[in-house]
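Heads up: the structure comes next, in structure tokens.
Derivation of every value follows stated rules applied to the coordinates shown; laboratory data play no part. All values derive from a computational prediction rather than experimental measurement. Don't worry about glycine lacking a Cβ; one is built from the backbone with ideal geometry, like all the others, and counts go over all protein chains shown.
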Amino acid sequence: MVMTRPDSPTQRDRAGGPGVDTASALEFQTEIGQRASEADLRAIAVGLERKSTALRALLGDGAARLDRAGLRQVLRWVFATRRRADAILDAAGPGPLAAAVDELLAGHSPLPDRFEAFGAFAAPLPVVGFELASELLHFTEPGEYWLWTRWLWEPVAGTGALALVTDGASVLAGGGTVADTYLAVGRATAFLDETGKAAGFTTAGPGLFGADVFLAGVYAVYMTTVLRMRMTQEFTKLVPSLPDLARRLLGVYHLEV
């Protein structure tokens with residue numbers, strides 16, 4: 001089982017977690033299979049492993065030791081921040097940003113407190129929000145933490161890939177704080193991954209990387225379906241293929257060197 005920290009959702013009473021809409025998940029699996037091969041999906045998972053390896057190498061000895069160039073590399077690996085890396089560093093300052101990342105990843109406070117503290121630090125920064133914290137946690141400790149991005153679950157609108165394959169929209173909304181929602185997303189992801197491993201739709205990669213790939217595929221199917229309903233055929237031809245769109249969503253389309 002994944003996510004085995006004491007403050008992880010899998011260590012709690014699972015009766016309160018959202019159920020997986022297995023029928024919808026299998027329908028999405030069929031749609032994904034028509035637009036991407038198994039080799040395509042495995043290649044995306046390999047990209048996630050490479051991204052994880054890179055971030056663990058950068059941050060493994062602690063973020064506090066990183067200078068501006070090192071922190072810029074970290075931000076460039078994160079989809080939500082890669083195009084704003086310099087603006088974020090200018091606004092936050094390398095020292096305070098390094099200290100905040102270090103506390104998020106290696107602090108002794110419970111996970112919700114660390115997630116909330118990083119969110120408060122990042123609130124004034126351009127285009128950061130909860131996604132930077134989520135990606136740093138997930139890709140440095142992929143066996144313990146999970147991914148939360150707006151395309152996975154957008155709590156204000158109540159939309160995202162998780163909402164399409166679970167029946168727990170009210171549970172996904174969390175208990176009011178950003179950290180509550182992060183934990184709720186973790187519970188939903190754990191349920192989906194366990195079901196998917198048994199049913200065969202989250203097996204593209206090890207651990208939660210298989211769930212990441214599946215959920216990116218779900219959202220890619222949803223996006224392209226909506227776009228084809230609303231846009232002309234000429235515009236829909238410009239939409240990337242499902243493998244490329246999934247790579248973009250997961251931040252592994254152009255991997256840093």
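Computed from Cα atoms, the angle from the helix 38-59 axis to the main principal axis of the chain rounds to 10 degrees.
Just so you know, the Rg over Rh for region 18-250 is 0.97, from Cα atoms, with Rh as the Kirkwood radius.
Give me the extension gain from Asp180 to Arg248: residue separation times 0.36 nm, minus the current Cα-Cα distance, reported in nm with one decimal. Don't skip to the end; give the middle numbers.
Working: separation 68, 0.36 × 68 = 24.48 nm, distance 2.69 nm.
Result for the pair: 21.8 nm of gain on full extension.
Rounded to the nearest 0.05, the FRET efficiency derived from the C-beta distance between Arg50 and Thr22 at R0 = 35 Å is 0.70.
For the pair Asp90 and Ala198, a Förster radius of 35 Å applied to the C-beta separation gives a FRET efficiency near 0.15, rounded to the nearest 0.05. 3J(HN,Hα) along region 81-90, derived from phi through the Karplus expression 6.51 cos²θ - 1.76 cosθ + 1.60 where θ = phi - 60°, amounts to 10, 4, 8, 10, 4, 5, 5, 5, 5, 5 Hz, with x in place of Gly and Pro. Summed over qualifying helices (DSSP H, 4 residues or more, each -39500 (n - 2.57)) and divided by its residue number, the chain shows a 222 nm mean residue ellipticity of -19000 deg cm²/dmol.
How tilted is helix 94-106 with respect to the longest principal axis of the chain? Cα atoms for both, answer in degrees (0 to 90, nearest 10). For 94-106 against the chain, the angle is about 60 degrees.
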